[in-house]
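Below you'll find the structure, written out as structure tokens, and then a few comments.
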Amino acid sequence: MAEILVLVDHAEGAVRKPALELLTLARRIGEPSAVVLGAGAAAADIAAKAAEFGAAKVYVADGAEFADQLVVPKVDALAQIAKTVSPAAVLVTSSGEGKEVAARVALRIGSGIITDAVDLEAGDGGPIATQSVFAASFQVKSKVTKGAPVITVKPNAVAPEAAPAAGAVENVSVEFTGNAAKVTSRTPRVSTGRPELTEAAIVVSGGRGVGAAEGFGVVEDLADALGAAVGASRAAVDAGWYPHSNQVGQTGKQVSPQLYIAAGISGAIQHRAGMQTSKTIVAVNKDAEAPIFELVDYGVVGDLFEVLPQLTTEVKARKG
Ligand code: FAD
């Protein structure tokens, strides 16, 4: 069966959920092989997790370079492995770093790239990727016509499903090309106890309509009842009500959760750019003419300070 390379994102010794989604998707188009880079002592655990989700092989490359430098060592390793095994496709998570790695790898191995796919299927002569564009008005299906396709896939494209496979570990020694940029320090994300915004299955976002920093209380309460991440529009971030790390949109983060709830957000094109591929979109806005309602699956015309607490109470009641 065709070998599909999957770059496995991991942090603090654990495989990140989008990597499990990639392994699940990879099984539709061939036989996944995981690529685990710079895992240190946790490499065996990460390889075992990749095998649990269908990796027949696990290529492991270690070295201080992965921790000390930005993307180049990952590009060196993934391109070297791709050149050696000639896979049918290379899958990478659509994060900022993932897209940079994928683009550079495609250039190195002389193939084409498709970014921000939301689905993948097997096709004649290679995998077909689906992208969702223009505020989800169109779905574009495309395939790479030169070399091994390099495809980045948005988090939450599928639900991860276990499918135990052999997970035969192969240690790879990488020829690094040099340190173009070096990491000088790392500051861990301050933990809120909520899921990471770009990986969360549910996101509840607040906009200028929340009126003040304290207004985000009702947004956070609903997010916590749902086990969701909290997002914010740029207007709310610029007003200093919520951190920029939570901004969704063109100049913020791209999210693609199963459920996106926008409260007090008008739906400007720059905000849509960050959330339009969400599977189900709900908006709460007191203006029935707000552009966000053009995009939603469910819309509530009302005051968010009345609607959100009712929703929170209902969610908690259903959870028991
Ligand atoms: P508004 O447009 O002011 O909308 C507030 C909404 O809240 C209104 O629809 C109102 O009816 C509703 N409302 C008010 N009170 C209540 C209430 N009590 N209950 C319910 N609803 C209520 N924006 C982003 O979000 N992300 C980006 O990354 C981003 N990047 C940008 C990049 C560029 C280059 C530029 C030019 C702009 C960018 N913007 C971005 C800004 C964008 O154009 C909008 O200005 C912004 O998204 C508006 O935020 P908002 O919807 O919260 O505010």
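Based on this model, can you work out whether GLY299 counts as surrounded by 15 or more Cβ atoms within 10 Å (Cβ to Cβ), in a strand (DSSP E or B) and not hydroxyl-bearing (Ser, Thr, Tyr)? Considered against the rule, which asks whether it is surrounded by 15 or more Cβ atoms within 10 Å (Cβ to Cβ), in a strand (DSSP E or B) and not hydroxyl-bearing (Ser, Thr, Tyr), GLY299 comes out as yes. Here ALA273 meets the list (1) aliphatic (A, V, I, L, M); (2) open to solvent by 10 Å² or more (accessible area, probe 1.4 Å); (3) in contact with a Phe, Trp or Tyr (Cβ under 7 Å, 6 or more places away or on another chain) almost entirely, failing just condition (3).
Of everything in the range 282-315 that's of a type in the set (Phe, Trp, Tyr) and under 17 Å from GLY267 (Cβ atoms), which residue is nearest to the ligand (Cβ to nearest atom)? Once the filter is applied, the top-ranked residue is PHE293. When VAL92 is tested against (1) among the hydrophobic types (A, V, I, L, M, F, W, C); (2) in contact (Cβ under 8 Å) with a residue 40 or more places away in the chain; (3) surrounded by fewer than 18 Cβ atoms within 10 Å (Cβ to Cβ); (4) not in a helix (DSSP H, G or I), only condition (3) is not met.
Would a scan of the range 238-246 turn up a residue that is outside any strand (DSSP E or B), touching a residue at least 24 places away in the same chain (Cβ under 8 Å) and away from the ligand (no atom under 13 Å from the Cβ)? Yes, the range 238-246 has at least one match. Could you please find all residues in the range 199-217 being in contact with a Pro (Cβ under 8 Å, 6 or more places away or on another chain) and crowded, with 23+ Cβ neighbours inside 10 Å? Answer for the range 199-217, where residues must be in contact with a Pro (Cβ under 8 Å, 6 or more places away or on another chain) and crowded, with 23+ Cβ neighbours inside 10 Å: ALA200, VAL203. Considering GLU100, GLU121, GLU175, GLU161, the condition of being exposed (fewer than 15 other Cβ atoms within 10 Å of the Cβ), of a type outside the set (Phe, Trp, Tyr) and within 30 Å of ALA64 (Cβ to Cβ) is satisfied by GLU175 alone. Pairs linking a residue in the range 191-212 that is part of a helix (DSSP H, G or I) to a residue that is of a type outside the set (A, V, I, L, M, F, W, C) and surrounded by 18 or more Cβ atoms within 10 Å (Cβ to Cβ), with Cβ atoms under 7 Å and 6 or more positions apart or on different chains, are ARG208/SER233; ARG208/GLY264; GLY209/GLY264; GLY209/ASN285; VAL210/GLY264.
Scanning the range 218-233 for residues that are over 16 Å from GLN247 (Cα atoms), open to solvent by less than 70 Å² (accessible area, probe 1.4 Å) and within 16 Å of the ligand (Cβ to nearest atom) turns up VAL218, LEU222. Quick one: is VAL158 outside any helix (DSSP H, G or I), within 28 Å of GLU294 (Cβ to Cβ) and without any contact (Cβ under 8 Å) to a residue 12 or more places away in the chain? Spelling it out, it is not the case that VAL158 is outside any helix (DSSP H, G or I), within 28 Å of GLU294 (Cβ to Cβ) and without any contact (Cβ under 8 Å) to a residue 12 or more places away in the chain. Could you check the range 132-151 and list, in sequence order, the residues that are touching a Ser or Thr at 6+ places or on another chain (Cβ under 7 Å), in a strand (DSSP E or B) and buried (at least 18 other Cβ atoms within 10 Å of the Cβ)? Of everything in the range 132-151, those that are touching a Ser or Thr at 6+ places or on another chain (Cβ under 7 Å), in a strand (DSSP E or B) and buried (at least 18 other Cβ atoms within 10 Å of the Cβ) turn out to be SER132, VAL150. In the range 253-261, is there at least one residue being under 25 Å from ASP119 (Cα atoms), at pLDDT 95 or above and hydroxyl-bearing (Ser, Thr, Tyr)? The answer is yes; a qualifying residue exists. Only residues that are at negative phi and crowded, with 21+ Cβ neighbours inside 10 Å were counted in the range 31-59, giving 16.
The values are calculated or read from the model by the stated rules, or taken from the named source; none is laboratory data. Since the model is a prediction, treat every value here as computed from it, not as a measurement. Cβ sites come from the backbone with ideal geometry, for glycine too, and all protein chains shown count toward neighbours. Side chains included, ligands, DNA and RNA excluded: accessible areas come from the protein's heavy atoms. Shrake-Rupley method; radii C 1.70, N 1.55, O 1.52, S 1.80 Å.
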